[in-house]
1. Could you tell me which numbered condition Glu254 fails, if it satisfies all but one of (1) under 23 Å from Gly449 (Cβ atoms); (2) in a strand (DSSP E or B)?
2. Across segment 186-236, what is the total count of residues that are in a loop (DSSP other than H, G, I, E, B) and closer than 30 Å to Val308 by Cβ?
3. Scan segment 243-262 for residues that are surrounded by fewer than 24 Cβ atoms within 10 Å (Cβ to Cβ), out of contact with any Lys or Arg (no Cβ under 8 Å at 6 or more places or on another chain) and in contact (Cβ under 8 Å) with a residue 12 or more places away in the chain and jot them down.
4. How many residues are surrounded by fewer than 17 Cβ atoms within 10 Å (Cβ to Cβ) and more than 18 Å from Ser99 (Cβ to Cβ) if we restrict to segment 52-67?
5. Failed condition for Arg173, given (1) surrounded by fewer than 20 Cβ atoms within 10 Å (Cβ to Cβ); (2) assigned to a helix (DSSP H, G or I); (3) more than 20 Å from the chain's Cα centre (by Cα), with all others met?
6. Check Val335 against each of (1) without any contact (Cβ under 8 Å) to a residue 60 or more places away in the chain; (2) in contact with a Pro (Cβ under 8 Å, 6 or more places away or on another chain); (3) within 17 Å of Arg262 (Cβ to Cβ) and name the one condition it does not meet.
7. Among the residues of segment 301-319, is there at least one that is surrounded by 15 or more Cβ atoms within 10 Å (Cβ to Cβ) and part of a helix (DSSP H, G or I)?
Amino acid sequence: MPAQEAGADEEEHLDGLTGPVDGLKEALAAVDAFDHTLTGGLLRPRPAQAEGLIALADAVAASPLAARVAEAAEKAAAGAASEDHFVALAAARTALLGSAHDALTARADEVTGRTREEPTAPAAAGRQAPNLLAAARSWLCDLARTGWQGIDHDLVSGAAQVVSAMLPDPELRRLAALLDGFAAELAASCPGAALERIPVRRWADLWARGMLLTLPGAAAAPAADTATGRLLPLGVDLQEHATAAQAQVHAVFEPADGTAPRLVRASVSVPKPDTVLGAGVWQLLRPHMTLLAAAGEGRSMDLTGMPVTAEGDLVWQDEHARPGEPADPFATARVALPTATTAPAAPLDRHPAHLAQPVFLEGYGIEQDGDTVTFTLPGHRLAVDTDRIPAAGPLTPQAVTASSSCIGLLRWDAGRFRLQPLAVETTVRRKPAAVHAGAWAGGTTDKAGVKAEKAATDAVAVLRERAGRLLRK
């Protein structure tokens, strides 16, 4: 979205990012009302909780879910909800967030002028163990009845046996991973009665998604195709947790058959020790995907028969890729990004938190108030989420505030659109330079990066040595 080319029409589009979205406020209010009913639990609901359940039912009253959700809300308000009723409530909540996602996505598409592909039906699910799905659903229903304020270690530990039984089955691994992580968060917060702050939206998100994934067929693998052509990386989104890390490469794919370019993603996730910090995390990620090195070096990749889902996620396999010619991400952003189409989101991924649309901005002004950075364009102000800039790269908030152009992800967070920078063009030592968040993905000679990688090497070596001792014992 080059600002210097913006005419009256584009200024009007940019204004659309801050304008109201029809029905969004009401949908999110109904979700919030329901989420707060889970705080105190639905075993003996209070009048305020009954109001939250009614708000959810009213919000879907014009949908095919209306009758089932109305019944579920009535039963839950009386403390008599069954598993089927909890499933209906989770479905209603998910549908409302899905409608919010669709409205926000449509607004972002309008601003960027991007075309979105039509959704396709998911592949058929394999046979799943109904007894394990039922056990998982029973545990989640117990959580809903108890509420976040009532959780204790006995209740939370009930997930452990179910997760252990699910993990060996690839068809159930998605649900197992969700339950495992959810249970770990709850265990770290026990007892619930002592919590000063409860992550109400997050825990309700995990609860609702878990409930729907216990339904046969809900975890069906997305329909897959193959991709042959040239992959042009735009940037790397690195996300870290105390015990895990994920790198997601956003790229433009140019099919060899000459059809329209597409926006795609490729991700790799690994477990990580909490002692591995900063640039050291690349050591854990790098061996699992050659694309990270290409993205760090500013190089394209030539793909042959690479599996890709209907949602635009490359199922990365190194044998289907080889390094290509140098490819400047900013040239890709200026030339190829504006014409790239976007794949639709998977049904269970239709959530405002999943919105992450690659965009290119230049010619903007910059305002800074403390740690708050804002890009100003004709008729619009766009908040910059500098908190999402990873420590494992040379990109810094200072580089962003001195930039003249930016590749980033347009996200929806805290009730407004925000920009997560992936790379900027700026001036370093009086010379033009491009600074990328994923520049160290393939290795680095930067002093800070080398120091962090060495520390990570030492930490991993110590952990391996200790693990070896335990195994020998």
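The values are calculated or read from the model by the stated rules, or taken from the named source; none is laboratory data. Quantities reported herein were computed from a predicted structural model and do not represent experimental measurements. Glycine gets a Cβ as well: all are built from the backbone with ideal geometry, and neighbour counts include every protein chain shown.
1. The one condition Glu254 does not meet is (1).
2. Number satisfying all stated conditions: 10.
3. Hits for segment 243-262 are Gln246, Asp257, Ala260, Pro261, Arg262.
4. Count: 1.
5. All conditions pass for Arg173, except number (3).
6. (2)
7. No, there is no match, as no residue in segment 301-319 is surrounded by 15 or more Cβ atoms within 10 Å (Cβ to Cβ) and part of a helix (DSSP H, G or I).
Matching residues to (1) more than 30 Å from the chain's Cα centre (by Cα); (2) at pLDDT below 95; (3) crowded, with 19+ Cβ neighbours inside 10 Å; (4) not in a helix (DSSP H, G or I):
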site: Pro20; (1), (2), (3), (4): no, yes, no, yes
site: Val31; (1), (2), (3), (4): no, no, yes, no
site: Leu38; (1), (2), (3), (4): no, no, yes, no
site: Leu42; (1), (2), (3), (4): no, no, yes, yes
site: Ala50; (1), (2), (3), (4): yes, no, no, no
site: Val69; (1), (2), (3), (4): no, no, yes, no
